[in-house]
Amino acid sequence: MKATVFLGGGHITSALIAGLRLAGYKRPIVVYDRNSAKLRTLRRAFRIAAARDLKSAIEQAEVLIFGVRPASVAELLAQIRDANASLHARIAVSLAAGIPIARLKAAGTPLLWARAMPSPVCRIGHGLTALTYDRAVSPRDRKRVRGLFDQVGAVLEISESRFDAFCAAYSPSHGYHALATLATAAQAAGLDRGTALVACSHALAEAIAYWRESGETLDELLREAATPGGTAAATLRTLKKYRYEQAVAAGLQAALRQARQNARGKGRS
């Protein structure tokens, strides 16, 4: 049986493998990474096979998943061309933010390409993965790729023209930063750290859960929560005064600029 092969053994590879094992994924999983410590950690935690070299990893693959940083993609593709390996895999999936399919194809390998951006929360089976495909990818191979990521959470297929904007918007970093910022402010207002984290995590998580289940719009819920003369209304009014919305928009634009730099091969290593 051919394997699902990860090229790169970093955090997102670890999260995906954890989610796959949690879901009972049966296909063999092979990881190639030049860092032997990463491979030992993955092997102990998730019963993966560690490829001895890039050539052997490629030759075991049904699906190749590129789990390296954007700045390392070109080097890895060059190594694949030089490996003289038999490419049995028809489909490769890049997890590198900002690297367009056109650039992946230009490397000259015979692979068909998809891009995926899974959330690290896929580690516990509750992630969201955005997928986009080269037009040459067949319905059968699209189904194979989607079936893999369906194991670790929800999947949303979108056009590549919208891919970078979607990925910038849905990063869990927004939630972590909002929680950290709100909890710090709550401490400054008089709460201890533990109580602040409990209060603020419930404020964020339960508000979102209710919005998703209630069928009400965000405008309706904001009007209901921020009644005139109330404390919530005072908070929102002050956030607006200090240009909270503009700061969030500026953050997303910065993410898009970084994606464009990655596309031009100027991302950070």
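Looking only at segment 97-145, count how many residues are among the small types (G, A, S), surrounded by fewer than 23 Cβ atoms within 10 Å (Cβ to Cβ) and either in contact with an Asp or Glu (Cβ under 9 Å, 6 or more places away or on another chain) or closer than 22 Å to R81 by Cα (or both).
7
Of all residues in segment 217-269, which are more than 30 Å from the chain's Cα centre (by Cα) and under 30 Å from L104 (Cα atoms)?
Answer for segment 217-269, where residues must be more than 30 Å from the chain's Cα centre (by Cα) and under 30 Å from L104 (Cα atoms): there is none.
For residues that are free of Cβ contacts under 8 Å to residues at least 40 places away in the same chain and in a loop (DSSP other than H, G, I, E, B), tally how many sit in segment 143-176.
2
Those residues that are under 23 Å from T109 (Cα atoms), touching a residue at least 12 places away in the same chain (Cβ under 8 Å) and either touching a Cys at 6+ places or on another chain (Cβ under 7 Å) or not aliphatic (A, V, I, L, M) (or both), I need them from segment 37-55; list them, please.
Matches in segment 37-55: D53, K55.
Which residue out of T41, T4, T13 is over 26 Å from R142 (Cβ atoms) and of a type outside the set (D, E, K, R)?
T41
Output the residue which, of all residues in segment 44-68 that are under 22 Å from the mean Cα position of the chain (by Cα) and part of a helix (DSSP H, G or I), is farthest from A18 (Cα to Cα).
Filtering segment 44-68 for residues that are under 22 Å from the mean Cα position of the chain (by Cα) and part of a helix (DSSP H, G or I), the one farthest from A18 (Cα to Cα) comes out as A45.
No value in this document is a laboratory result; all are computed from the given coordinates. As the structure is a prediction and not an experimental result, all values here were calculated from the model. Methodologically, a virtual Cβ is constructed for each residue, glycine included, from the backbone with ideal geometry; neighbour enumeration extends over all protein chains shown.
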